[in-house]
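These notes are about the structure you will find just below.
The values are calculated or read from the model by the stated rules, or taken from the named source; none is laboratory data. Since we're looking at a predicted model, the values are computed, not measured. Quick reminder, even Gly has a Cβ in these numbers, built from the backbone with ideal geometry, and neighbours come from all protein chains shown.
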Amino acid sequence: MYNLYIDRCKANNKTYVKKWCYAKVFNEEFNISFRKPATDTCSSCDQLHATIEHGDASAKQQTEVQKQLHLRKAELARDAYKTDTSCTEEDRQCIVFDLHKTLPTPHLNTNKFYYMRQLWTYNLAIHVTTSDHAYMHMWDET
């Protein structure tokens, strides 16, 4: 982003600040930061991992085989997804739906209010991969 900032400053004949100053303003004044995205695990992976870590030795080897099989199936599903989403045929489309995490409204961190009844907000994301169009539909529980 800093390089894009420099390019824009040069294009508009403006002076630009050093990287440390840019980072300071970006992180402190705009309160924006980046983090590695959280990765989700499925309940099967969690259960198999727990059995491998805390189970007896006789079940450990069989569970490891089950986990490897499960991971291979997941990889095949990801490959099929990539194949489907890269489709360029005019008569076929791949549409992906994702109901995002429900959000309490308003978002409060205070214990007293957190456990009181809140309004829940939902967001459904729809992505048409062949045309690269995305649609969002938000609603509350009312």
Residue tally, condition modelled with pLDDT of 85 or more and either loosely packed, with under 12 Cβ neighbours inside 10 Å or of a type in the set (Lys, Arg) (or both), over segment 93-118: 3
Residue within segment 26-34 that is outside the structural domain of ALA134 (by TED's automatic domain parsing), part of a loop (DSSP other than H, G, I, E, B), at pLDDT below 85 and surrounded by 10 or more Cβ atoms within 10 Å (Cβ to Cβ) present: no
Residues (part of a helix (DSSP H, G or I) and within 30 Å of TRP139 (Cα to Cα)) located in segment 83-111: ASP84, THR85, ASN111
Residue selected from segment 82-92 under the condition among the β-branched types (Val, Ile, Thr) and exposed (fewer than 12 other Cβ atoms within 10 Å of the Cβ), by the criterion modelled with the lowest pLDDT: THR88
Check on THR130, of a type outside the set (D, E, K, R), surrounded by 13 or more Cβ atoms within 10 Å (Cβ to Cβ) and modelled with pLDDT of 85 or more: no
